[in-house]
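The values are calculated or read from the model by the stated rules, or taken from the named source; none is laboratory data. Everything quoted here is computed from the prediction, not taken from an experiment. Cβ atoms come from the backbone with ideal geometry, glycine included; neighbour counts cover every protein chain shown.
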Amino acid sequence: MSGKNARDALGSTIKPLRFHHELSQADLAEKAGISITFLRDIERGNKCPYPDTLANLAHVLKSPVYEFLRCRMNSLMRRRAS
């Protein structure tokens, strides 16, 4: 899996969780201690957060970090199977 694909998978996990918790990008960014611009880039698959930032996002979204990583692994496994 390329870095871009992994970032896309991460962003496609975070955004629906943010919607589920009825958080705006500004709300999530503030609670996670990051800028709105950085969160936007993560959700678009343009940037990948450091592990501590990922942990902060997971905490705010009430989701274990492994959920974000599992999404990456599922994507990788699908690609290898095809």
Residues of the range 58-82 satisfying the condition of being modelled with pLDDT of 95 or more, in contact with a Leu (Cβ under 7 Å, 6 or more places away or on another chain) and part of a helix (DSSP H, G or I): VAL60
Residue match in the range 48-55 (condition: over 19 Å from ALA6 (Cβ atoms), crowded, with 18+ Cβ neighbours inside 10 Å and free of Cβ contacts under 8 Å to residues at least 40 places away in the same chain): no
Selection within the range 33-46 - touching an Asp or Glu at 6+ places or on another chain (Cβ under 9 Å), surrounded by fewer than 17 Cβ atoms within 10 Å (Cβ to Cβ) and touching a residue at least 12 places away in the same chain (Cβ under 8 Å): ARG44
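Regarding LEU23, is this residue assigned to a loop (DSSP other than H, G, I, E, B), surrounded by fewer than 20 Cβ atoms within 10 Å (Cβ to Cβ) and not hydroxyl-bearing (Ser, Thr, Tyr)?
Working: assigned to a loop (DSSP other than H, G, I, E, B): yes; surrounded by fewer than 20 Cβ atoms within 10 Å (Cβ to Cβ): yes; not hydroxyl-bearing (Ser, Thr, Tyr): yes.
Yes: the conditions hold for LEU23.
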Top-ranked residue of the range 26-57 - restricted to ones that are part of a loop (DSSP other than H, G, I, E, B) and modelled with pLDDT of 95 or more, ranked as farthest from ASP8 (Cα to Cα): GLY33
